[in-house]
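First the structure, in the form of structure tokens, and then the observations on it.
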4 protein chains.
Amino acid sequence: MSASLSRNRVGVWLIGARGSVATTVVAGCAAVAAGLHPPTGMVTETPQFADCGLPPLGSLVFGGHDVVDCQLPKRAEQLAAGGVLPHGLPAAVAGELVAADAEIRPGGPAPADPRDPDEVIADFAADIMGFVRRNGLARAVVVNVSSTEPTATGDALPPSSLYAAAALRAGCPYVNFTPSTGLHHPALAGTAASSGLPYAGRDGKTGQTLLRSVLGPMFAQRALAVRAWSGTNLLGGGDGAALADPAAAAAKNAGKERVLADTLGGTPQGEVHIDDVPALGDWKTAWDHVAFDGFLGTRMVLQTIWQGCDSALAAPLVLDLARLTLRAHEAGHTGPLTDLAFYFKDPLGDAPSSLGDQYTALTRFAERLREPGPAGGPTEVPGC
Amino acid sequence: MSASLSRNRVGVWLIGARGSVATTVVAGCAAVAAGLHPPTGMVTETPQFADCGLPPLGSLVFGGHDVVDCQLPKRAEQLAAGGVLPHGLPAAVAGELVAADAEIRPGGPAPADPRDPDEVIADFAADIMGFVRRNGLARAVVVNVSSTEPTATGDALPPSSLYAAAALRAGCPYVNFTPSTGLHHPALAGTAASSGLPYAGRDGKTGQTLLRSVLGPMFAQRALAVRAWSGTNLLGGGDGAALADPAAAAAKNAGKERVLADTLGGTPQGEVHIDDVPALGDWKTAWDHVAFDGFLGTRMVLQTIWQGCDSALAAPLVLDLARLTLRAHEAGHTGPLTDLAFYFKDPLGDAPSSLGDQYTALTRFAERLREPGPAGGPTEVPGC
Amino acid sequence: MSASLSRNRVGVWLIGARGSVATTVVAGCAAVAAGLHPPTGMVTETPQFADCGLPPLGSLVFGGHDVVDCQLPKRAEQLAAGGVLPHGLPAAVAGELVAADAEIRPGGPAPADPRDPDEVIADFAADIMGFVRRNGLARAVVVNVSSTEPTATGDALPPSSLYAAAALRAGCPYVNFTPSTGLHHPALAGTAASSGLPYAGRDGKTGQTLLRSVLGPMFAQRALAVRAWSGTNLLGGGDGAALADPAAAAAKNAGKERVLADTLGGTPQGEVHIDDVPALGDWKTAWDHVAFDGFLGTRMVLQTIWQGCDSALAAPLVLDLARLTLRAHEAGHTGPLTDLAFYFKDPLGDAPSSLGDQYTALTRFAERLREPGPAGGPTEVPGC
Amino acid sequence: MSASLSRNRVGVWLIGARGSVATTVVAGCAAVAAGLHPPTGMVTETPQFADCGLPPLGSLVFGGHDVVDCQLPKRAEQLAAGGVLPHGLPAAVAGELVAADAEIRPGGPAPADPRDPDEVIADFAADIMGFVRRNGLARAVVVNVSSTEPTATGDALPPSSLYAAAALRAGCPYVNFTPSTGLHHPALAGTAASSGLPYAGRDGKTGQTLLRSVLGPMFAQRALAVRAWSGTNLLGGGDGAALADPAAAAAKNAGKERVLADTLGGTPQGEVHIDDVPALGDWKTAWDHVAFDGFLGTRMVLQTIWQGCDSALAAPLVLDLARLTLRAHEAGHTGPLTDLAFYFKDPLGDAPSSLGDQYTALTRFAERLREPGPAGGPTEVPGC
């Protein structure tokens, strides 16, 4: 591969690279790049993001870690059978799926893994750097799209944090699309700060919380008093099973509640349930019930029912985040990318909580990426 | 009444002064001013609107036109029986209800009214000016809260336009909280422009359209493709009966559809129904069904069910609008108050269509009202 | 084909033979007969209907009339693309689709058709008798599954009645799965009575009305006072477009309202809307809102949202009805089959209105079909 | 009081006599008996139950046990403030509330109660017998309407069983309207059998389970395959708080699940949540999501939202049960009244599980109560 070509190719290293989200990311990127489907759901393909220097979809090269063996072409067929991917798509992008699968390395650590954490990090980082080198990539971003892990207890780094540390060690920006710990571990705070790398997170805002981030501000702006906000999520697939673990659900719910507390200025009554319903496959139904008071204490109710496919909701956002973070890295941005709060339930830093304000911040960030200047030119980052 | 006191009292002249909304406005204003209830639903009582010079609730004096005879204290009891007003409230604010009712004048014109339109306007204007004089008011605002009238056909001024013209002739700012024509008639364009008065409208955004004004931008910002947006409204009360008239419903629906077209950049498939269901009384249920496409054409659905009391939703907004428009008049603002788009389905002028952006515009307007300067000092307007 | 085999084969002649329902009937019958899918939704395949002498699925031969040219294999592919049929099914049953399509004859009459009604009936009857003869069928049933036609006005026989008359003339029992007139025309009453043939109808109960037929009795049995029952149906496909015609919708709604009136003992407030939403394809969403009073007048609400595929709901019922009516014919039953009320919105004769009672009647009918005796033995009916 | 009068008066002894349900029972009985409200929700006031010898509403005398001190007139005012009772009703039936409150005795046992269980039972029985004697009642029925107690563990009789044993010892029939143990304790099986008294239970079927008992049979009769049935209940009031205890919720959910298992012939996937939402007061919202397969495996969904007031739903059923059980006692019925399954989530004995079949059984029971004969004449039962 020639040097000029290599400068134009960039990597996306997915933690959980054989999951539903990752499979949809790889297949969908190929489909949209080939013009087989419009880029529905990809914010970075709207006019506001033109000329920002984002890497084209066709320039993205995929790889990643996973602990499961089922190869991407087969996973894609499973998703097509479940209605998540269009029929015929797995065959149409078979080449890209095979290529990405060839760049997947075993994840971990397994329960009886003899390595100490630093060795695991070093091995993961070596995997990532090998991917970059082998493919002659200008840079790569590491994105966590694996199943939610239980809330960490104790000092030990959970797996998501080992992967995050490996990203930094490999000189790569990092995006945490899950509620897992990732870079949010105290032991990694110093490393993150001194890395000079940009990072973003956490917990992709795809359905119920997306709604809450527009409905919460509506109640607040109209001075309506929300008394209780209750919700139930039904989902099958891997995420349903993972979140049937109360500890994982707790991690997930913390993000959901933060949105209400931030937009309403207080936490209303009400609980959030996450039920594993395997019959729903990758489809998710979220029911929300909001009891609020109007003028003179009149009691009113808003209910919402959201029926979506989590993988299809998440995948275009993952592509957006990968592109934005790769470009931010190129443009010299470092530290938490708080302007990406639009994408997250529990965003880093001091970001606005209403979706509208987050969108404004995002489009301003796009404008800054467009500007020439000290942080504008493409730079080669050694090691990544 | 002493001159210093009279300067502090301002008038709110309600077209449809014995309807559910007007009754709730008068009773609720008294209740909140007396500290019997918190100002839930009143945006002008939130901290962002402090120190803007808005007239205090206790300074508002009510009067108006109506074609029905049922007096306000009795209407209030009916609303309390239907759960719209708290039990006990009509008795607690009986004095204020009686006082307002004494300032209600017969509306019209009746079908066989012998007067020509200009005489009707003159008589209405005389009613309003009498109200201002009798009560020693510094100024007054005319607010249309009557039942929706059928879409006007032909050149004749419909009743809502006669009232609007009377407001201008009386030197009063005007707010159209309904989808009726009001000042939107070509024959009134010149008068409105040359009046030097501020005005606002139209069609208060209380329920389904309020929701649409936050959900529409959400879909647009997330680049999700809305295929169809269908809705059904069930409501009883006077509004339900009025809107069972297809021509009135058409007027109402035009505003609802504008919100979707403006926020989505195109009109999706789907209809809006408004059903008269007397059993629901003043309570309203709105069901919305949004079919949208996600990544790779995946079909998803959002449904919302809004169960509210229209009078309780409208009344605090009417108080907000009356106060803001009175203050705008005092501060010398003229012409369409486009910064009040937050309150309307079909706002005047070139206003943003997302609720968040409208809220930003509203709070900036509040800041301008707070500023001293040429348009800041209290001014006596001759004749009103 | 040998005589013994021919005695075992029976015909199903579908009016609207290339529509979504008919295509699903033909493809689904082949798939279930071949063991590719379980007989979900087919009541006649439950244990209560064993040993009733119903014709096996594998013995059904399909043909019919239609005015469209798109052949069944292609229609099946379209339905598979829309998620109505499983992917791969059209290919798996291609032979049966081709065979059925070869037995489809042009429907009518076209607007400028020069034939008088009796000629049209004679031609349709000849088509049906040719089908029976050509395939050596023991008998055949005619089932109307075409789009709803506008409510008939005037004395002229609408197309659905021409087909119904043709069925009788061909000596075939008749089932009307639509709200169209069919045999319900006064001019056909004598013919139907003297034909000695069984018939059933009308308007298959697949979704919203199915629900109403169990919820209505629940309210009645619990002595709860239903004040208003409102409903909105969103559907695309051919049915959505047909029902966008108010006259067709009126025909449809009459059946829906009958269920409520019969089960509640009176017609509550509320309307039913049927909206054409092409984006939904063959999928249907029905929202119902029931306002009811409990003890001491307490106001309560039940809402239901039914999201189904009309073709998939209708097809197994059509197969049930074809088999039951063919067997009833064989067993010598004549006149209206009131025991099949379970299947219809607007059933013939004096049938119970609650689904539970209708189910009891249906299972007793199955028992009678099982009994030997005068009306038990297989009989050859001349001409069919 | 004369002997002839005393024969006509009968007692209803409520366990939980100051709860929302009991208060609504006492106030509502008085209101309906006085003609202030129609008997909406009372099945025993429909024509099918005329001439069955049921005690008239005006002949019912109320008393009971409770551990709380708040008196019935005050409880009724609280319920009126929350919209459960009509405004003005507590004043209108103040006499009846005061009279019933005077017959309320302290419940228990308190945690440190020094009495052994048999002493507690004896004391409770003495309370009941005193009530009967003092009021010259022909008989009395004991009805448990107290908060759900946690699932019993161990051999000790839980409080609900102590009350049930006291009912039998006092010679009174017993109805368990809650999911608590009551007579369902192994230690009481012999006593119940040898008592010669009728009894009924358990767990009143008021909302979500009522719906399930008509929807479950619908799916079964239509041969539709229910894959998952999920539900969330939001409720405030005392019941919400009680059921926030997972052990109490477990007791409640067992009954709910039994309905599905019995009507569907198997337990589908899905969970049931019961959330305490104090803001809802005595109002309850139940959302159910049913994922089912139709023909050829097509995936469909039914959702229901039930918004009701539990006390208003329960009270007329409690009055029905009291009257039916008193009449059954009078007519000489003994043992479990399986024909009352219509009223219960988890009915005694081998009862049908569909509401329609249960209603048929109930009306047949009413016919038997109407018949003269050995079990027909009014009999004086010694001691009660």
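The values are calculated or read from the model by the stated rules, or taken from the named source; none is laboratory data. Quick caveat: nothing in here was measured; it's all calculated off a predicted structure. FYI the Cβ positions are ideal-geometry reconstructions off the backbone, even for glycines, and counts take in every protein chain you see. Remember, those area values only see protein heavy atoms, side chains included, never the ligands or the DNA or RNA. Shrake-Rupley method; radii C 1.70, N 1.55, O 1.52, S 1.80 Å.
Is it true that D:L302 is within 14 Å of chain A (Cβ to nearest Cβ), more than 17 Å from D:A22 (Cβ to Cβ) and at pLDDT below 95?
Taking the combined requirement at face value, the residue does not satisfy it.
Mind listing whichever residues of region A:265-308 are aliphatic (A, V, I, L, M) and in a strand (DSSP E or B)?
Here is the first cut: in region A:265-308, the residues aliphatic (A, V, I, L, M) are A:272, A:274, A:277, A:279-280, A:286, A:290-291, A:296, A:300-302, A:305.
Across region A:265-308, the qualifying residues are A:V272, A:I274, A:A286, A:V290, A:A291, A:M300, A:V301, A:L302, A:I305.
Is one or more of the residues making up region A:65-74 more than 25 Å from A:Y343 (Cα to Cα), at pLDDT 95 or above, among the hydrophobic types (A, V, I, L, M, F, W, C) and crowded, with 18+ Cβ neighbours inside 10 Å?
yes
For D:L224, are the conditions met, namely being of a type outside the set (G, A, S), modelled with pLDDT of 90 or more and under 29 Å from C:L210 (Cα atoms)?
Taking the combined requirement at face value, the residue satisfies it.
Yes or no: D:T334 away from chain A (no Cβ under 14 Å) and open to solvent by 10 Å² or more (accessible area, probe 1.4 Å)? First the steps, then the outcome.
On the way: away from chain A (no Cβ under 14 Å): yes; open to solvent by 10 Å² or more (accessible area, probe 1.4 Å): yes.
When the stated conditions are applied, D:T334 passes them.
Would it be correct to say that B:K284 is modelled with pLDDT of 80 or more, basic (K, R) and surrounded by 20 or more Cβ atoms within 10 Å (Cβ to Cβ)?
On the way: modelled with pLDDT of 80 or more: yes; basic (K, R): yes; surrounded by 20 or more Cβ atoms within 10 Å (Cβ to Cβ): yes.
It is true that B:K284 is modelled with pLDDT of 80 or more, basic (K, R) and surrounded by 20 or more Cβ atoms within 10 Å (Cβ to Cβ).
If I ask for residues that are among the aliphatic types (A, V, I, L, M) and in contact with a helix residue (DSSP H, G or I) (Cβ under 6 Å, 6 or more places away or on another chain), which ones from region A:39-59 would you list? Break it down stepwise before answering.
Of the residues in region A:39-59, the ones among the aliphatic types (A, V, I, L, M) are A:42-43, A:50, A:54, A:57.
Within region A:39-59, A:M42, A:V43, A:L54, A:L57 meet the criteria.
Tally the residues that are within 21 Å of A:S311 (Cα to Cα) and either touching a His at 6+ places or on another chain (Cβ under 8 Å) or of a type in the set (S, T, Y) (or both), restricting the search to region A:197-222.
Here is the first cut: in region A:197-222, the residues within 21 Å of A:S311 (Cα to Cα) are A:200-213.
The next check asks that each one be either touching a His at 6+ places or on another chain (Cβ under 8 Å) or of a type in the set (S, T, Y) (or both); those that pass are A:201-202, A:206, A:209, A:213.
Total meeting the criteria: 5.
Testing B:A223 on (1) within 14 Å of another protein chain (Cβ to nearest Cβ); (2) assigned to a loop (DSSP other than H, G, I, E, B); (3) in contact (Cβ under 8 Å) with a residue 40 or more places away in the chain; (4) not aromatic (F, W, Y), one condition comes back false. Which one is that?
(3)
Consider D:G207 against the criteria (1) under 29 Å from D:G349 (Cβ atoms); (2) within 14 Å of chain A (Cβ to nearest Cβ); (3) surrounded by 21 or more Cβ atoms within 10 Å (Cβ to Cβ): it satisfies all of them except one. Which criterion is unmet?
With respect to (1) under 29 Å from D:G349 (Cβ atoms); (2) within 14 Å of chain A (Cβ to nearest Cβ); (3) surrounded by 21 or more Cβ atoms within 10 Å (Cβ to Cβ), D:G207 is out only on (2).
From the list B:A244, B:A314, exactly one residue is farther than 23 Å from B:F219 by Cβ, within 14 Å of chain C (Cβ to nearest Cβ), of a type outside the set (S, T, N, Q) and in contact (Cβ under 8 Å) with a residue 12 or more places away in the chain. Which is it?
Values: B:A314 fails: within 14 Å of chain C (Cβ to nearest Cβ).
On inspection, the qualifying residue turns out to be B:A244.
Would you pick out the residues in region B:36-84 that are of a type in the set (A, V, I, L, M, F, W, C), under 19 Å from the mean Cα position of the chain (by Cα) and outside any helix (DSSP H, G or I)?
Selection gives B:M42, B:L54, B:L60, B:V61, B:F62, B:V67, B:V84.
Here is a list: B:G207, B:G238. Which entry is modelled with pLDDT under 95 and in contact with a Leu (Cβ under 8 Å, 6 or more places away or on another chain)?
Values: B:G238 fails: in contact with a Leu (Cβ under 8 Å, 6 or more places away or on another chain).
Result: B:G207 is the single residue among B:G207, B:G238 that is modelled with pLDDT under 95 and in contact with a Leu (Cβ under 8 Å, 6 or more places away or on another chain).
Considering B:N233, B:N253, which residue is within 27 Å of B:W283 (Cα to Cα), open to solvent by less than 20 Å² (accessible area, probe 1.4 Å) and within 14 Å of chain C (Cβ to nearest Cβ)?
Exactly one residue qualifies, and that residue is B:N233.
Of everything in region A:167-178, what is out of contact with any Asp or Glu (no Cβ under 8 Å at 6 or more places or on another chain) and buried (at least 24 other Cβ atoms within 10 Å of the Cβ)? Give them in sequence order.
Going residue by residue through region A:167-178, those that are out of contact with any Asp or Glu (no Cβ under 8 Å at 6 or more places or on another chain) are A:167-175.
Result: A:A167, A:A170, A:C172, A:P173, A:Y174, A:V175.
Which of the numbered conditions does C:L362 fail, given that it passes all the others? Conditions: (1) open to solvent by less than 20 Å² (accessible area, probe 1.4 Å); (2) over 17 Å from the mean Cα position of the chain (by Cα); (3) at pLDDT 95 or above; (4) over 30 Å from D:S20 (Cα atoms).
All conditions are met except number (2).
Just one of C:T267, C:T263, C:T285, C:T304 is among the hydroxyl-bearing types (S, T, Y) and free of Cβ contacts under 8 Å to residues at least 40 places away in the same chain; which is it? Before you say what the answer is, go through the steps one by one.
Values: C:T263 fails: free of Cβ contacts under 8 Å to residues at least 40 places away in the same chain; C:T285 fails: free of Cβ contacts under 8 Å to residues at least 40 places away in the same chain; C:T304 fails: free of Cβ contacts under 8 Å to residues at least 40 places away in the same chain.
Step by step, each of C:T267, C:T263, C:T285, C:T304 is checked, and only C:T267 is among the hydroxyl-bearing types (S, T, Y) and free of Cβ contacts under 8 Å to residues at least 40 places away in the same chain.
Among (1) over 18 Å from the mean Cα position of the chain (by Cα); (2) at pLDDT 95 or above, which single condition is A:D155 missing?
Here A:D155 meets the rest and fails (2).
Anything in region B:347-369 that is of a type in the set (D, E) and either over 18 Å from A:M218 (Cα atoms) or in the same structural domain as B:Q221 (by TED's automatic domain parsing) (or both)? List them, or say none.
Filtering region B:347-369 for residues of a type in the set (D, E) gives B:350, B:357, B:367.
Result: B:D350, B:E367.
Provide a single number: the residues in region A:179-198 that are part of a loop (DSSP other than H, G, I, E, B), open to solvent by 10 Å² or more (accessible area, probe 1.4 Å) and either in contact with a strand residue (DSSP E or B) (Cβ under 6 Å, 6 or more places away or on another chain) or polar (S, T, N, Q) (or both).
1
Evaluate region A:31-50: report whether one residue or more is in contact with an Asp or Glu (Cβ under 8 Å, 6 or more places away or on another chain) and either more than 13 Å from chain B (Cβ to nearest Cβ) or at pLDDT below 95 (or both).
no
Cβ-Cβ under 8 Å, sequence separation 6+ or interchain: first residue in region B:135-159 and without any contact (Cβ under 8 Å) to a residue 60 or more places away in the chain and outside the structural domain of B:G236 (by TED's automatic domain parsing), partner assigned to a loop (DSSP other than H, G, I, E, B) and among the hydrophobic types (A, V, I, L, M, F, W, C). Which pairs?
Once the first residue is without any contact (Cβ under 8 Å) to a residue 60 or more places away in the chain and outside the structural domain of B:G236 (by TED's automatic domain parsing) and sits in region B:135-159, its partners that are assigned to a loop (DSSP other than H, G, I, E, B) and among the hydrophobic types (A, V, I, L, M, F, W, C) give B:P158/B:A152.
Given (1) within 30 Å of C:G82 (Cβ to Cβ); (2) open to solvent by less than 10 Å² (accessible area, probe 1.4 Å), where does D:V301 come up short, assuming only one miss?
Single failed check for D:V301: (2).
Could you look through region B:337-355, keep only residues that are assigned to a helix (DSSP H, G or I) and open to solvent by 30 Å² or more (accessible area, probe 1.4 Å), and pick out the one that is farthest from B:H184 (Cα to Cα)?
Initially, region B:337-355 is screened for residues assigned to a helix (DSSP H, G or I), giving B:338-343, B:355.
Filter once more, keeping what is open to solvent by 30 Å² or more (accessible area, probe 1.4 Å): B:338-339.
Details: B:T338: 14, B:D339: 18 Å.
Ranking the candidates gives B:D339 first.
Report, by residue number, each residue of region D:188-215 that is more than 21 Å from D:L362 (Cβ to Cβ), polar (S, T, N, Q) and touching a helix residue (DSSP H, G or I) at 6+ places or on another chain (Cβ under 8 Å). Lay out the reasoning, then the answer.
Residues of region D:188-215 that are more than 21 Å from D:L362 (Cβ to Cβ), as a first pass: D:188-196.
Keeping just the survivors that are polar (S, T, N, Q) gives D:191, D:194-195.
Correct list: D:T191, D:S195.
Quick one: which of D:L89, D:L85, D:L36, D:L79 is open to solvent by 70 Å² or more (accessible area, probe 1.4 Å) and under 23 Å from B:A81 (Cα atoms)?
On the way: D:L89 fails: open to solvent by 70 Å² or more (accessible area, probe 1.4 Å); D:L85 fails: open to solvent by 70 Å² or more (accessible area, probe 1.4 Å); D:L79 fails: open to solvent by 70 Å² or more (accessible area, probe 1.4 Å).
Selected residue: D:L36, the only one of D:L89, D:L85, D:L36, D:L79 that is open to solvent by 70 Å² or more (accessible area, probe 1.4 Å) and under 23 Å from B:A81 (Cα atoms).
Given the options A:F124, A:F177, name the one that is within 20 Å of the chain's Cα centre (by Cα), hydrophobic (A, V, I, L, M, F, W, C) and under 24 Å from A:T338 (Cβ atoms).
Just one listed residue meets the conditions, A:F177.
With D:D293, D:D262 as the choices, which residue is more than 24 Å from D:G236 (Cβ to Cβ), within 25 Å of the chain's Cα centre (by Cα) and either surrounded by fewer than 20 Cβ atoms within 10 Å (Cβ to Cβ) or not assigned by TED's automatic domain parsing to the domain that holds D:A351 (or both)?
On the way: D:D293 fails: within 25 Å of the chain's Cα centre (by Cα).
Just one listed residue meets the conditions, D:D262.
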